[in-house]
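Engineer: Here it is: the structure, laid out below.
Please treat every number below as a calculation from the coordinates, not as lab data. None of these values were measured; they are calculated from a predicted model. Counting neighbours? That spans all protein chains shown, and the Cβs are built from the backbone with ideal geometry, glycine included.
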Amino acid sequence: MNRNAPRLEPLSSPSPYADPASSGTPDAAHVDPAVLGALLHRHGWLRRGGAAGRYGRWTPPGQAGTSLLVPESRTFPDCADLMEEALTALSRGGLPAAREVLLGLSVPSDEIHWEREFPEGAYAAHRAEAWPVQEQLRSAARQLLLAGALAARARAGYYGARHRAQAERALDGVLVGPSPGGRRLTAYLPVDGGRAVVTRLHHALHAAREAVDYRRATGGMDAFDAAVGAGVSRELADALIALVRGSEGARVSLAWAPAAGVPAGCAARPEPVEFSPGDLPVLREAAARYTRDEPALPVRLAGAVVRMRRSAPGGGGTVRLRVLAGVEVPYVRAKLDEEAYRVAGHAHLVGLPVRVSGRLQRRGGFRRLTDATDVTPVPLDEVERDRLMKSLDESFDPSDALPSDD
């Protein structure tokens, strides 16, 4: 068993990109030598000679191993043969740095690197190796990516349940490498579908750093208000708090896929963004501010009644709706008067959704509808009604619903 081989795995759900070696070595005819050279340099390979402008000799990082001859362009006479030999050697070498290069060639991906600092000493080293510390890093990394995916869909200081399902689906293709000692972690986001997340996260991290510096220098929180436009939110602040907590500091760095180039408005080599324990009070203050200041939203939505509750046979009560249209949250809860409750109950019995107007409140993560009015059934034909009932049975996830009606 090779203990040095990285075990790349999906961040959340299984991905077709989970094992680039499963489909064989990348086709040398479709690999740009310049891209291969850029990936070798990124992942620690050292160029130790070669004819300038023609080819380079690359050796693995930090250990002896087979060197690679990589042409600098396809104009080199033996380009095809050298590329084939280099890719074969990478696929058979079993080195961590080789596997990372192959992944970058198989699925052009932007990379996000997290690094956490821990104090020196035997106790601290043992603590950093602990399983909970590794899980904390993975959880914080996922929260940060989710904050970026939310910001890529819309700008808000606090999202709650809004856009969350869509943002989570945007992360389905993300892969993560191993996290030795809970200190470092790398995520690979395929350019096709993931670049918008990385680009938004790039801007949001730098805006958050500048806002924290402004608060610590001047005492003002105005910079956090402006940072919302760059993608900073309560979710991003919470993710940074989780990343830094328990460590001496954390660093986040990005690297663009060489095959795709640099996105517009971004630096070719983005500077790492660092946060320290001294930033935690400011981040907590910002998270509370975003939650408090995010306004309620006037909405008119359509939803299927999945639960009803009232304290007495007569009078109004509370209903829970699975949202079908009108707002990007999975479920909302609304308090209805007696007439509206009766309409909702009748619609539920005959298998019809209802439309309702109200204000979506931040309390409860934008899953409460207040001032609910104008509750009306939505007419459906038999085929649509059967399809709706089947979808409710198949897709209900108890974790999407609130635990109680209180």
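Engineer: So for the pair R269, S311, with labels modelled 7 Å out along Cα→Cβ, what separation do we get in nm?
Structural biologist: Calculated label separation equals 6.6 nm.
Engineer: Same structure, new question: Test of the criteria: in the range 35-117, which trypsin sites (Lys or Arg not before Pro) are in a DSSP loop and have at most 10 other Cβ atoms within 10 angstrom of their Cβ?
Structural biologist: R48
Engineer: Would you please give the FRET efficiency between E248 and Q166, computed as 1/(1 + (r/R0)^6) with r the Cβ-Cβ distance and R0 = 30 Å, to the nearest 0.05?
Structural biologist: So the FRET efficiency works out to roughly 0.25.
Engineer: Quick one: if the Förster radius is 25 Å, what FRET efficiency do A29 and V262 give, using the C-beta to C-beta distance and rounding to 0.05?
Structural biologist: The pair A29/V262 has a calculated efficiency of 0.45.
Engineer: Can you find, among F224, A239, Y159, the residue sitting farthest towards the positive end of the charge dipole of the range 110-293, where Lys and Arg contribute +1 and Asp and Glu -1 at Cβ?
Structural biologist: Result: Y159, furthest along the dipole toward the positive end.
Engineer: Okay, moving on. Placing +1 on the Cβ of each Lys and Arg and -1 on the Cβ of each Asp and Glu in the range 110-293, which of W131, L145, P270 has its Cα farthest towards the positive end of the resulting dipole?
Structural biologist: The listed residue farthest towards the positive side: L145.
Engineer: Over the range 297-400, what is the relative contact order in percent, taking alpha-carbon pairs closer than 8 angstrom and at least six residues apart?
Structural biologist: Value for the range 297-400: 26 percent.
Engineer: I need the Kirkwood Rh of the range 297-400: take the reciprocal of the average 1/r across all distinct C-alpha pairs and report it in angstrom.
Structural biologist: For the range 297-400, the Kirkwood estimate is 13.7 Å.
Engineer: Are there any GluC sites (Glu not before Pro) in the range 159-250 that are in a DSSP loop and have at most 10 other Cβ atoms within 10 Å? List them by number.
Structural biologist: none
Engineer: Another question about this same structure. How high is the FRET efficiency between D374 and E135 when r is their beta carbon distance and R₀ equals 60 Å, given to the nearest 0.05?
Structural biologist: 0.80
Engineer: Here's another thing I want to ask about it. Working out 0.36 nm times the residue gap between E117 and S357, then minus their Cα-Cα distance, what length gain in nm do you get to one decimal?
Structural biologist: 81.4 nm
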